There are 2 protein chains.
Amino acid sequence: MGDLEIRPAVPDDVPAIVAMLADDPLGAQRESPDDLAPYLTALDRVSRDPNQHLVVAVREDRVVGTLQLTIIAGLSRKGMTRSIIEGVRVHADERGSGLGTRFIEWAVEQSRREGCQLVQLTSDATRTDAHRFYERLGFTASHVGFKLPL
Amino acid sequence: MGDLEIRPAVPDDVPAIVAMLADDPLGAQRESPDDLAPYLTALDRVSRDPNQHLVVAVREDRVVGTLQLTIIAGLSRKGMTRSIIEGVRVHADERGSGLGTRFIEWAVEQSRREGCQLVQLTSDATRTDAHRFYERLGFTASHVGFKLPL
């Protein structure tokens with residue numbers, strides 16, 4: 001396979017990003033690939049926030065993955081800055097290629113460059129394969145993640 | 001008890017905030033109440049970010065609680081904006097006063113005002129009392145929270 005590039009997402013990437021978000025047991029019910037307008041609005045907002053990094057992985061001019069990294073300053077733990085990883089998706093053709101690992105390693109390195117001392121993420125309790133994947137990369141399943149839809 | 005006010009934290013609040021962060025079974029090992037400089041630096045950074053709300057609860061001119069709310073735009077779930085609650089602390093004298101509930105209700109209302117459709121938080125797996133508290137407020141423990149210290 002050709003070289004992999006990880007770079008900030010641009011509007012032209014949105015159809016491929018939304019297709020990956022929707023190609024997922026949980027995402028299939030949540031996304032609207034036929035109406036990209038809300039995604040383009042969200043990308044514009046994310047792109048103007050210096051603490052947000054919405055990136056795509058590109059191989060041979062094809063978008064094959066997406067990930068969102070948010071940098072959050074805070075007071076707890078001696079004024080520690082942390083990062084949060086959300087919305088990790090890898091194209092079905094790329095599973096097993098090591099892209100997931102490359103992607104999380106990128107997020108960890110970017111977090112270090114921005115002075116973070118903690119990287120965190122939550123994963124739906126049903127995604128047991130993902131849990132093993134994060135544990136292999138050194139993450140600890142130390143917390144319970146709560147959600148409240150509004 | 002007198003009226004409760006919830007307002008953005010200012011530098012003069014930092015000693016009281018740090019005292020609450022440290023007065024906690026987990027926080028006791030993580031904080032440095034004798035050196036406030038890193039906390040003041042962090043508050044300055046947080047205060048300049050329009051997507052961050054670090055607030056205190058004040059009763060009779062005394063800081064009795066602190067909470068951090070972060071607004072995060074994103075592409076998943078049709079370009080949904082979510083919020084994340086971190087660093088919730090209530091002064092020991094105020095436990096059982098309903099302040100915790102008022103605080104989370106404030107965060108939920110602020111999230112609605114900013115167009116969020118999801119509020120999320122993680123809680124250390126050992127804080128079982130906190131888990132019951134969040135479930136009573138309507139949160140679902142649907143996720144596993146992973147952390148990687150750098």
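The values are calculated or read from the model by the stated rules, or taken from the named source; none is laboratory data. Keep in mind the model is a prediction, meaning the values are calculated, not measured. A quick note on method: Cβ atoms are made from the backbone with ideal geometry, for glycine too, and the neighbour counts reach across all protein chains shown. SASA here: full protein model, heavy atoms, side chains in, ligands and nucleic acids out. Shrake-Rupley method; radii C 1.70, N 1.55, O 1.52, S 1.80 Å.
Under 5 Å from the amide H of A:V88 lie the amide H atoms of A:Q68, each residue being 5 or more positions distant or on a separate chain, with H modelled from the backbone and absent for Pro and chain starts. Summary for B:G115: label point 7 Å along Cα→Cβ; distances to the equivalent points in the other copies, ascending, 2.9 nm. From the alpha carbon centroid of segment A:65-99 to that of segment A:126-150 is 12 Å. Of B:T70, A:T122, the residue with the largest accessible area leads and the full order is A:T122, B:T70 (1.4 Å probe).
Got the relative contact order for segment B:81-121 handy, in percent, Cα pairs under 8 Å and 6 or more residues apart? Don't jump to the answer; show the numbers that get you there.
Details: 28 pairs, mean separation 29.8, N = 41.
Relative contact order, segment B:81-121: 73 percent.
Rounded to the nearest 5, what % of DSSP beta bridges with both residues in the protein assembly as shown are antiparallel?
Values: 59 of 66 bridges.
Within the protein assembly as shown, antiparallel bridges account for around 90 percent of the total.
Ranking B:Y134, A:Y39 from most to least accessible surface, computed with a 1.4 Å probe over the protein chains only, gives B:Y134, A:Y39. For segment A:22-99, the list of trypsin sites (Lys or Arg not before Pro) that fall in a loop by DSSP and count at most 14 other C-beta atoms within 10 angstrom reads A:R30, A:R48, A:R95.
Couplings 3J(HN,Hα) for segment B:27-35, derived from phi with the Karplus relation 6.51 cos²θ - 1.76 cosθ + 1.60 (θ = phi - 60°), are x, 4, 8, 9, 10, 9, x, 7, 9 Hz, where x marks Gly and Pro. Partner aspartates and glutamates whose Cα lies under 19 Å from the Cα of B:K147, excluding those fewer than 8 positions away in the same chain, are identified as A:E86, A:E105, A:E109, A:E114, A:D124, A:D129, A:E135, B:E31, B:E86, B:D124.
Given a cut-off of under 8 Å on Cα pairs at least six residues apart, what relative contact order in percent is computed for segment B:1-131? Walk me through the intermediate numbers first.
Details: 178 pairs, mean separation 26.9, N = 131.
Across segment B:1-131, relative contact order equals 21 percent.
Distances between copies of A:D34, taken at a point 7 Å out from Cα along the Cα→Cβ vector and listed shortest first: 6.6 nm. Residues whose amide H comes within less than 5 Å of that of B:G65, counting only those at least five positions distant or on another chain, are B:A57, B:H91 (H built at 1.01 Å from N in the peptide plane).
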